[in-house]
Amino acid sequence: METHWSEVVHNLLESAAIIVGGAWIIYRFGISREQYPKLQLDVDISLIGVHQDEYLVELCATVENKGSVRQTIKDFRFDLRALMTDTPVTTKNDYINNQVEFSKTLILDKEWVPQQGNKAWYAAFIDGGIVQKYRYITSIPKTTSYLLFYTKFSPKSLGQKRDITEDLVPGEGSNDLKRGDFYHVQKTFSVEKLIESNKKQTLQKQE
């Protein structure tokens, strides 16, 4: 019984489709590592105004998902520390690698999106190709000279935190990423420059 050419062509097309599909999967999840988060984190502070002996400021965290897969994030927290005008500069703290110490803690380990008990809001997630901003309004004393702003989060897709000595990614040396490692960013802001920026914006709005 002879095989029809149409059947041969059909089988060849099916085989080609399977090969192309497999190659596409290998590219997406092997070469381009699409299953892993491609997130970018940044922070900023802007001055809102003055109230009595305090400056009102807006803290902002910007998360950009440069991948195509939705990423849910957890442990999304931030710290805000200050160097006061009457505080001498010290660089003797070994714990922070002898950097300038911001000794006054204004906010410690605060959640951007509360997730505990009756404080729970909503799951923090960023769809592929989307930029999401998180904002928090607080106040700082007028005697503040500089601010140290730190924030971090863990992509949920990386799983739970494990012992760092037992969960290394092979082949990358002693500084390998662990499942549950986090994204983080730290920036320092001059209160004087925040005031100047606020004045410029106010003048531009009046023009």
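The values are calculated or read from the model by the stated rules, or taken from the named source; none is laboratory data. Keep in mind that what you see is a predicted model, and the values were worked out from it rather than measured. A quick note on method: Cβ atoms are made from the backbone with ideal geometry, for glycine too, and the neighbour counts reach across all protein chains shown.
Odds and ends about this structure:
- Residue in region 134-157 that is assigned to a helix (DSSP H, G or I) and at pLDDT below 85 present: yes
- Looking only at residues of region 108-130 that are touching a residue at least 40 places away in the same chain (Cβ under 8 Å) and surrounded by 12 or more Cβ atoms within 10 Å (Cβ to Cβ), we find that the one that is nearest to L148 (Cα to Cα) is W112.
- Filter pass, E172 being more than 18 Å from the chain's Cα centre (by Cα), modelled with pLDDT under 85 and closer than 26 Å to S68 by Cβ: yes
- Residue list for region 76-102, filter: within 23 Å of the chain's Cα centre (by Cα), modelled with pLDDT of 95 or more and of a type in the set (A, V, I, L, M): L80, A82
- Filtering T105, T72, T62 for residues that are assigned by TED's automatic domain parsing to the domain that holds F153, part of a strand (DSSP E or B), modelled with pLDDT under 90 and surrounded by fewer than 17 Cβ atoms within 10 Å (Cβ to Cβ) leaves a single hit, T72.
- Evaluated against (1) in contact (Cβ under 8 Å) with a residue 40 or more places away in the chain; (2) of a type in the set (F, W, Y); (3) over 23 Å from S139 (Cα atoms), F102 falls short on exactly one condition, (3).
- D86 charged (D, E, K, R), surrounded by fewer than 12 Cβ atoms within 10 Å (Cβ to Cβ), outside any strand (DSSP E or B) and touching a residue at least 24 places away in the same chain (Cβ under 8 Å): yes
- Among the residues listed as K119, K110, K200, the single one being over 25 Å from D86 (Cα atoms) and at pLDDT below 80: K119
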